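The next block holds one structure in the form of structure tokens; read it before the comments.
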Amino acid sequence: MLHNAELASTQRAAFECTPASPRSVSSYSLNTLPVELLILIFTFGIADNPDIAPALSLVNRQWRAIMLDLPSLWRRLHLSDANFNAQRLRDKAALWFARTRALPLDIELDTCCRDSVLPLLSYMLLGVERWRDVSYMHSRLRFSTVRDGEQPRLESLLVTLAPKKTITSDLQNTSTPPASPRPWWGGADVPMKKTFQANEERLKQIYVLGVRCLPPPEHVAAFDSVTTLVLMSSSTECDFPMHQVVPFLSAFPVLKDLELSNFNELFLVNDPEYRPDCPSLRPAVLPHLQRLSIRGICSSRCILSHLTTPSLRVLSLVHINSSSVYYDFPHPGEPGDSDDESGDFSRSPWTDHATGMGLRRLFARAAPPLRELVMDYADLRTKDFRWLFARLDHLELFHIVASDMSDKVLHALEVDSDVVVAGSAEGSEAGAQRPAILPRLTCLKLAKCQKLTGDAVVRMVSSRVRAAESGRVAAFTELITTECLQVTERDHQELQAIFPPEGRLEYAPGFED
């Protein structure tokens, strides 16, 4: 709740953007009217234009007393993006929520521009538990509600993006919007009204449709209750707008699940967004994030390099390796940017490099205790696999599809009980052992990894089964090899002979295209 001084300040700010002021009307004759009649006049005036409420409270002491004593006169909040001013709109919403006290509130969203929906929505959430009727354009928003008797709060936010090659927001574009929006924009502009309290419905999820440019942090209030955020791009012109996404994420302090997805009607993976100032972009700090999913995005280095996620448990990288094109963008010259010394083959060297460098920054910054790593049509250089695996002491599940990883990567996962670390006593009965890589790995899924040989798989599994018997690593509970051309039925039979009997061992042969 705002204090008196703050209320006065926000009231003056709201008055500045009020379209009409009653100061032009002589108040002398009106002051002679009974208070009851004044209240009735105010009620009719506010019903016609709710924005005059602050102005009415500034005419004289009597009118101010009436406006402050009657919360019901403030029950309609009209938020418009005409002459958009983020601070004034935020102050206006705060003023209305303060003046209505505990009363339910009707909110009208007047959005000519799609890029204003997220800022206005963030101001509305300051009093979400008191929403009664919300009026909006059907092409902008969808509300998802439940009836579970809990306190109203927004838990999940899904935003579909339609970015253009220009990064200018449509809040700065005065041209007329297209008459027939594309399907992912939500269809025609049809006025809608959503009723909450009368139906005992609790807000749970909101869909915001067709945003061209995400708002900068200074334009939004914090989404303090949102734990799940999905940003899905549908552009056929450019890749995911990372340089808008990273600053926008700072508005979600309690986020636990984040999905970034690039999907369009042509199933295109667009060229990555390149900005020379990318290294100077301030990272988004997400202290509670546990799950991160990135799909169909070529700009993987940018997003992974600019996240601080100390609590990350699950990381999923899907279809970020679909392009084999080489982009001649200069590297920042960070540790690891040099060429891979292994010389292993790759069908997608540019994205392997980009993804690997992004993961290096992600895990070097916060060392999250990752437990599950899924890489589906996502790949790394051999040197990046080795660097990453050496830091995943908590990893339990690793699932990789369509990788060009070589036997050298699996060799790094072998646990050799005879290895003695340099510096140990040569004549000692039991020399110091090299720490095992991925000591908690129990579930391994290899699919369409055509450069891996069956011999390498058998050697790695055999070494880890022996190490598990001595307690150096966790025992395998699941091993699945699917459509790996160089892993044969004979290799599978060898694995059957050594694999823990209580575990799940599956094999499907690969076929030449």
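The values are calculated or read from the model by the stated rules, or taken from the named source; none is laboratory data. If you're wondering where the values come from, they're calculated on a predicted model, not measured in any experiment. Note: ideal-geometry Cβ built from the backbone for every residue, glycine included; neighbour counts use all protein chains shown. For the accessible areas, the whole protein counts, side chains as well, though only heavy atoms, and no ligand, DNA or RNA atoms are used. Shrake-Rupley method; radii C 1.70, N 1.55, O 1.52, S 1.80 Å.
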Select from segment 194-216 the residues that are in a helix (DSSP H, G or I) and touching a residue at least 60 places away in the same chain (Cβ under 8 Å) and write down the one among them that is farthest from R130 (Cα to Cα). A198
Exactly one condition in (1) part of a helix (DSSP H, G or I); (2) farther than 23 Å from D106 by Cβ is false for F44; which is it? (2)
What residue, of D277, D344, is open to solvent by 10 Å² or more (accessible area, probe 1.4 Å) and at pLDDT 80 or above? D344
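Residues checked against (1) under 26 Å from L281 (Cα atoms); (2) open to solvent by 10 Å² or more (accessible area, probe 1.4 Å); (3) part of a strand (DSSP E or B):
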site	(1), (2), (3)
G333	yes, yes, no
G336	yes, yes, no
T355	yes, no, no
P369	yes, yes, no
D379	yes, no, no
R386	no, yes, no
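On the basis of being in a loop (DSSP other than H, G, I, E, B) and touching a residue at least 40 places away in the same chain (Cβ under 8 Å), does L312 make the cut?
Working: in a loop (DSSP other than H, G, I, E, B): yes; touching a residue at least 40 places away in the same chain (Cβ under 8 Å): yes.
Criteria met by L312.
Which residues, taken from segment 122-142, are of a type in the set (A, V, I, L, M, F, W, C) and closer than 25 Å to S72 by Cβ? Spell out how you get there, then give the answer.
Taking segment 122-142 first, the residues of a type in the set (A, V, I, L, M, F, W, C) are 124-126, 128, 131, 134, 137, 141.
Hits for segment 122-142 are M124, L125, L126, V128, W131, V134.
Does V35 fit the bill of being over 26 Å from V128 (Cα atoms), surrounded by fewer than 14 Cβ atoms within 10 Å (Cβ to Cβ) and among the β-branched types (V, I, T)?
Values: over 26 Å from V128 (Cα atoms): yes; surrounded by fewer than 14 Cβ atoms within 10 Å (Cβ to Cβ): yes; among the β-branched types (V, I, T): yes.
For V35, the condition - over 26 Å from V128 (Cα atoms), surrounded by fewer than 14 Cβ atoms within 10 Å (Cβ to Cβ) and among the β-branched types (V, I, T) - is met.
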Members of segment 493-506 found to be open to solvent by less than 50 Å² (accessible area, probe 1.4 Å) and closer than 18 Å to H399 by Cα, listed by number: G503, L505
Of (1) in a helix (DSSP H, G or I); (2) open to solvent by less than 80 Å² (accessible area, probe 1.4 Å); (3) of a type outside the set (A, V, I, L, M); (4) touching a strand residue (DSSP E or B) at 6+ places or on another chain (Cβ under 7 Å), S462 fails just (4)
Condition check: basic (K, R), in contact (Cβ under 8 Å) with a residue 24 or more places away in the chain and under 20 Å from R371 (Cα atoms). Does R301 satisfy that? no
Do we find that D416 is at pLDDT below 95 and open to solvent by less than 20 Å² (accessible area, probe 1.4 Å) in this structure? no
Wholly within segment 57-163, helices (runs of 4 or more DSSP H) carrying at least 1 residues that are at pLDDT 90 or above, in contact with a strand residue (DSSP E or B) (Cβ under 9 Å, 6 or more places away or on another chain) and within 30 Å of L258 (Cβ to Cβ): 86-99, 117-124
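Kindly indicate which of S72, S57 is crowded, with 21+ Cβ neighbours inside 10 Å and either touching a Pro at 6+ places or on another chain (Cβ under 6 Å) or of a type in the set (G, A, S) (or both). Steps first, answer last, please.
Values: S72 fails: crowded, with 21+ Cβ neighbours inside 10 Å.
After applying the criteria, what remains is S57.
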Given (1) open to solvent by less than 50 Å² (accessible area, probe 1.4 Å); (2) of a type in the set (G, A, S); (3) modelled with pLDDT under 65, index of the condition A179 fails: (1)
Restricting to segment 280-289, name every residue that is touching a Lys or Arg at 6+ places or on another chain (Cβ under 7 Å) and open to solvent by 70 Å² or more (accessible area, probe 1.4 Å). H288
